[in-house]
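Written below as structure tokens is the structure these notes are about.
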Amino acid sequence: MSDLTILALSGSLRKDSLNTRLLSSVARIAPPELTFDVFGELAEIPLFNEDAEHPSPPAVADLRRRIRAADGVLIATPEYNAAMPGVLKNALDWLSRPAAEGPALTRKPVAIIGASQGPLGTIRAQLNLRQVLHKMNATVVGQPEFVLPHAHQALGEGELPAGSPSLPILTGVLQGLVELIEHDRAVASVLAAR
Ligand SMILES: Cc1cc2nc3c(=O)[nH]c(=O)nc-3n(C[C@H](O)[C@H](O)[C@H](O)COP(=O)(O)O)c2cc1C
């Protein structure tokens with residue numbers, strides 16, 4: 001595997017967010033070839049307004065540039081009322097628009113995970129997120145799917161403990177993301193050689 005950079009984005013603004021802690025668990029088990037650029041400025045993304053699109057607000061431009069610089073994206077979404085949180089949808093609405101920085105998520109390999117306190121572990125939020133990413137022409141890992149129900153119990157005060165049955169599934173998600181990135185690279189090099 002070559003060295004890859006993954007932009008990691010938690011869809012929660014909460015200081016003690018379960019999803020942000022889940023991302024830390026992923027970074028801990030990831031192979032050394034993966035470097036994570038954790039975007040921690042979601043709170044600085046303003047509410048989307050078509051009247052204020054150009055130039056991009058600084059936090060939006062920064063997120064776009066960091067996604068473009070990354071090889072792939074990993075999103076950990078909470079579930080609010082059976083959907084992704086508004087702050088995450090708001091950021092995606094910004095990213096979906098044309099901008100001087102160029103398209104951010106078009107054909108970008110993306111993996112989705114999520115943690116919730118409920119019994120369904122964000123599966124509905126992930127479906128909602130997947131649908132929006134599909135509309136944006138992102139390339140999203142299909143299998144395996146990772147949900148963490150009752151995450152406040154699974155994560156305790158910190159990260160997933162060694163031996164958690166969730167860890168091999170998280171590893172599989174990362175593997176799926178790396179495979180998508182490598183597949184896209186191979187296709188790009190074939191097209192470039194034409
Ligand atoms: C407005 C709101 C709606 C919520 N709706 C759901 C839900 O539909 N399903 C669920 O499992 N948990 C729901 N929760 C509980 C979240 O799973 C819990 O707050 C979780 O900790 C949020 O993720 P975070 O810790 O990363 O911020 C809701 C919480 C809030 C604040």
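Among the numbered criteria (1) buried (at least 24 other Cβ atoms within 10 Å of the Cβ); (2) without any contact (Cβ under 8 Å) to a residue 60 or more places away in the chain; (3) hydroxyl-bearing (Ser, Thr, Tyr), which single criterion is violated by Ser56?
Just one mismatch for Ser56, condition (1).
Do you know which residues across the range 28-46 are open to solvent by less than 50 Å² (accessible area, probe 1.4 Å) and either within 25 Å of Gln153 (Cβ to Cβ) or assigned to a strand (DSSP E or B) (or both)?
Ile29, Ala30, Leu34, Phe36, Asp37, Phe39
(1) more than 15 Å from Val73 (Cα to Cα); (2) in a loop (DSSP other than H, G, I, E, B); (3) not polar (S, T, N, Q): which one isn't true of Gly142, the others all being true?
Condition not satisfied by Gly142: (1).
Taking the criterion of being among the hydrophobic types (A, V, I, L, M, F, W, C), farther than 25 Å from Ser17 by Cα, at pLDDT 95 or above and open to solvent by 30 Å² or more (accessible area, probe 1.4 Å), would at least one residue in the range 175-189 satisfy it? Walk me through how you get there before you give the answer.
Let us first name the residues in the range 175-189 that are among the hydrophobic types (A, V, I, L, M, F, W, C), namely 177-178, 180-181, 186-188.
Now narrow it down to the ones that are farther than 25 Å from Ser17 by Cα: 178, 180-181, 186-188.
Right, trim to at pLDDT 95 or above and you get 178, 180-181.
Filter once more, so that each one left must be open to solvent by 30 Å² or more (accessible area, probe 1.4 Å): 180.
Yes; the residues of the range 175-189 include at least one that is among the hydrophobic types (A, V, I, L, M, F, W, C), farther than 25 Å from Ser17 by Cα, at pLDDT 95 or above and open to solvent by 30 Å² or more (accessible area, probe 1.4 Å).
Kindly indicate which of Asn128, Asn81, Asn90 is closer than 21 Å to Arg64 by Cα, of a type in the set (S, T, N, Q) and either within 16 Å of the ligand (Cβ to nearest atom) or at pLDDT below 95 (or both).
Testing whether each residue is closer than 21 Å to Arg64 by Cα, of a type in the set (S, T, N, Q) and either within 16 Å of the ligand (Cβ to nearest atom) or at pLDDT below 95 (or both) leaves just Asn90.
The values are calculated or read from the model by the stated rules, or taken from the named source; none is laboratory data. Remember, predicted model here, so these are calculated numbers, not experimental data. Here the Cβ is made from the backbone with ideal geometry for all residues, glycine too, and neighbour counts use every protein chain on show. SASA here: full protein model, heavy atoms, side chains in, ligands and nucleic acids out. Shrake-Rupley method; radii C 1.70, N 1.55, O 1.52, S 1.80 Å.
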